[in-house]
Amino acid sequence: MAARMCNFLQLTAKTARPAIRNISSTSCLMIQRTQPKMKIETMKQVDVDSADIQKKLGNINMDFVRKAEKKNKERAKMHRFFRRTDWMIAAFCFSLVIGIYSYTMFAIQQEKFLDDFDMPEDIDRTEKTK
């Protein structure tokens with residue numbers, strides 16, 4: 001089927017618009033290798049709180065629903081726990097970086113003890129030689 005389609009595309013490319021004329025054998029290979037995507041309908045959410053729906057689903061399906069709700073609650077609890085610990089780790093790392101940077105700036109600041117220092121008078125070396 002894909003080979004027939006490829007041949008059809010190559011034949012129509014000769015007489016079609018310029019954009020379609022650029023179909024090559026590699027394009028045909030790509031057409032042959034791709035799988036058609038089937039459209040699958042997504043499952044709709046069902047509110048299982050009402051008694052008539054619970055009766056309609058039955059005990060077994062309601063047990064599955066309760067089990068799924070329990071697992072989801074545990075997953076949400078773990079998500080909150082790890083989110084909190086991630087924020088604590090991030091706060092620790094940022095404070096460590098700021099602390100190291102602050103200490104480095106403090107450690108390499110300009111020395112001030114030489115500002116008060118008076119230079120001694122020059123020693124007259126000519127007097128010693130006499």
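Just so you know, all these numbers are worked out from the coordinates, no wet-lab data involved. All figures in this text were calculated on a predicted structure; none of them were measured in a lab. Here Cβ is always computed from backbone atoms with ideal geometry, including for glycine, and neighbour counts include all displayed protein chains.
Annotations for the structure displayed:
- Legend: calculated FRET efficiency, Arg80 to Lys112, from the Cβ-Cβ distance at R0 = 41 Å, rounded to 0.05, equals 0.20.
- Rounded to the nearest 0.05, the FRET efficiency derived from the C-beta distance between Lys44 and Leu96 at R0 = 30 Å is 0.05.
- FRET efficiency, 1/(1 + (r/R0)^6) with R0 22 Å, evaluated for Ile53 and Lys73 via beta carbons: 0.60
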